[in-house]
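Scroll down for the structure; my scribbles are underneath it.
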Amino acid sequence: MKYRKKPVVIEAIQYRGYNSLPLVKKLMGNEFEKVLFKPISEKLIIPTLEGDHETSVGDYIIKGIKGEFYPCKPDIFEATYEKVK
């Protein structure tokens, strides 16, 4: 069997390091309080439904359809999503 992903509009931001933290906080709202920031590597640890996931500079942070947050590598994000107007 083959399946196609349903078209769903999501909110996301590309994490660009320390300077983009205000935008990440705006996207995540109160959930941002659960994120761990590693200052030296500028990585974020985001709690997800599957456990904690490390987010590197350049990764996208996606808000899922149930309000959950998770990171996504840029190549996967660009292959899966396109910008809507």
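The values are calculated or read from the model by the stated rules, or taken from the named source; none is laboratory data. These numbers were taken from a predicted model, which means no experiment stands behind them. Note that we place each Cβ from the backbone using ideal geometry, even for glycine, and neighbour counts take in every protein chain shown. The accessibility values were calculated without ligands, DNA or RNA, using every heavy atom of the protein model including side chains. Shrake-Rupley method; radii C 1.70, N 1.55, O 1.52, S 1.80 Å.
A few comments on the model shown:
- Top of Gly17, Gly67, Gly58 by mean-square fluctuation, Gaussian network on the chain, Cα under 10 Å: Gly67
- Rolling a 1.4 Å probe over the protein heavy atoms leaves Glu11 with an accessible area of roughly 100 Å².
- Accessible-area rank, largest first, for Val84, Val24: Val84, Val24, with all protein chains present and a 1.4 angstrom probe.
- The chain, accessible area per residue, ligands and nucleic acids excluded (1.4 Å, Å²): 79
- Across the protein chains, with a 1.4 Å probe defining accessible surface, the residues Met28, Met1 rank Met1, Met28 from largest area downward.
- Under the simplified labelling scheme, the Glu50-Lys34 pair shows an inter-label distance of 1.6 nm, with each label point 7 Å from Cα along Cα→Cβ.
- Heavy-atom accessible area order for Arg4, Arg16, largest first, 1.4 Å probe: Arg4, Arg16
- Cα centroid separation - region 59-85 against region 15-31, whole Å: 14
- Label-point gap, in nm, between Lys5 and Lys85 - each point 7 angstrom along Cα→Cβ: 2.2
- Sulfur and carbon atoms: percent of accessible area, the chain [1.4 Å]: 55
- The chain: chymotrypsin sites (Phe, Trp or Tyr not before Pro) in DSSP loop, at most 16 other beta carbons within 10 Å: Tyr3, Tyr81
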